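The values are calculated or read from the model by the stated rules, or taken from the named source; none is laboratory data. Just so it is clear, the model here is predicted, and its values are computed rather than measured. We place every Cβ from the backbone using ideal geometry, glycine too, and count neighbours over all the protein chains shown. These accessible areas exclude ligands, DNA and RNA; they are computed on the full protein's heavy atoms, side chains included. Shrake-Rupley method; radii C 1.70, N 1.55, O 1.52, S 1.80 Å.
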Amino acid sequence: VVARTTAPFIYLAPLKSITDSLFRRVFGAHFGGVDAAVAPFINPQRASSYPDKLVRDLLPERNREITVIPQILNNEPQGFSALARRLHELGYQEINWNLGCPARQVVKKQRGAGLLPHPDTVCRLLDTVLPELPGRLSIKMRVGLHDEAEAAALLPRLNDYPLSEIIIHPRLGDEFYRGLADPDRFARCMTLTGHRLCYNGDIRTMADYLRLAHRFTGINRWMIGRGLLADPFLAETIKGESTSAAPRKRRLAAFHDDLYTGLEEQMSGPGHLLGRLKQIWCYFIGAFPDKQQYLKKITRAGSLDSYRRAVEQIMS
Ligand SMILES: Cc1cc2nc3c(=O)[nH]c(=O)nc-3n(C[C@H](O)[C@H](O)[C@H](O)COP(=O)(O)O)c2cc1C
């Protein structure tokens, strides 16, 4: 057991088109241990007012279950500020800036991880946006796009700004999701910043958490994405709760059923519904270690009927 005076703070990570408000609501209704969620990014266009569509998933009535921090993916101060104001009007006291998305079309436009080699652009946005920002700002970043030297150049400069926190995913943008998040890189980042830090990346088991918590005794904030989809009990376990096998199975099944019902209402048509469910199962199958062979049945299901049959086999 790691001796800490306060309980660890655990974020559900943003996973675009997975951890939307419906997922967060259903997850929060069935599982504990998560203190807050960073929402998947929204990308402001050049405009001073925002179509409700862009912020629909962040409307307060959809986000009562888990505390949410909206995330912006952009590099353009006017659009950023206008969206930040809109989010503040909706009641959000904190927003997060995405400096980590590695997708090629994002990086090409110098957004997400594409900003990491350009500390001047990052600072210019902060210089413009922060003085007028009505709430707090945190950053979620990788350790570089091509090279860790990028974080080493950027982090000391970020010390000049009043950020609430920096969430570090210690991979390079160029690595996408290959290999493992590297704690040594995180350790090097720690020496370069005075900001509060949160560790993110490849926390999949209690043993992963304990290894990191023992190593980084000064860190008490953790962000978990895929690990929580593969083991929805992980945050509870980290907080010291344990659940035996039978209720675990029941709770996983109830979670799936509620998510299915919600998605059925939300998605337009069975094709989209099936697509989303398959995407979730690529991670969720981790919760059924002795049923890995059924994932293929799910990913190959051509209809909701065959999908449901495969799920029954997994849950039985
Ligand atoms: C499908 C998918 C979608 C993601 N979408 C976002 C996003 O919208 N914003 C963001 O900051 N990170 C996004 N990420 C990165 C995760 O938030 C997280 O940093 C990464 O998965 C490492 O954490 P994990 O190993 O706990 O999942 C995404 C990752 C995946 C796999």
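The portion of the accessible surface of the stretch 260-305 made up by carbon and sulfur, rounded to a whole percent, is 52 (1.4 Å probe; DNA, RNA and ligands excluded). Only lysine pairs 8 or more places apart or on separate chains count here, and in the chain those with Cα atoms under 17 Å apart total 7. Segment ARG64..THR237, full-extension length gain: 60.0 nm, with 0.36 nm per residue of separation and the alpha-carbon distance subtracted. Take every pair of alpha-carbon atoms less than 8 Å apart whose residues are at least six positions apart; their mean separation over the length of the stretch 107-249 yields a relative contact order of 18 percent. Once both labels are positioned 7 Å from their Cα atoms along Cα-to-Cβ, the gap between GLN293 and THR191 label points is 5.0 nm. Stretching LEU180 away from THR5 to a fully extended chain increases their span by 60.1 nm, per 0.36 nm per residue minus the current alpha-carbon distance.
The trypsin sites (Lys or Arg not before Pro) of the stretch 10-101 that meet both conditions, a loop assignment by DSSP and at most 10 other Cβ atoms within 10 Å of the site Cβ, are ARG46. Close amide H partners of ALA39, meaning residues 5 or more places away or on another chain with modelled amide H under 5 Å apart, are ILE69, GLN71.
Solvent exposure of the chain, expressed per residue, is 45 Å² of accessible area, with all protein chains present and a 1.4 angstrom probe. Across LYS140, LYS296, LYS239, the residue with the most accessible area heads the list, and the full order at a 1.4 Å probe is LYS296, LYS239, LYS140. Placing one equal scatterer on every Cα of the chain and applying the Debye formula, the log10 ratio I(q)/I(0) at q = 0.07, 0.11, 0.15 Å⁻¹ is -0.28, -0.71, -1.29. The accessible surface of the stretch 129-250, taken with every protein chain in place and a 1.4 Å probe, is 52 percent carbon and sulfur. Working ranking of peptides 222-231, 112-121 by packing, defined as the average number of other Cβ atoms within 10 Å per residue, highest first, is 222-231, 112-121. Normalised by the number of residues in the chain, the average gap of Cα pairs under 8 Å and 6 or more apart makes the relative contact order 16 percent.
A protection proxy built from the mean count of other Cβ atoms within 10 Å ranks the segments 26-32, 8-14, most packed first, as 8-14, 26-32.
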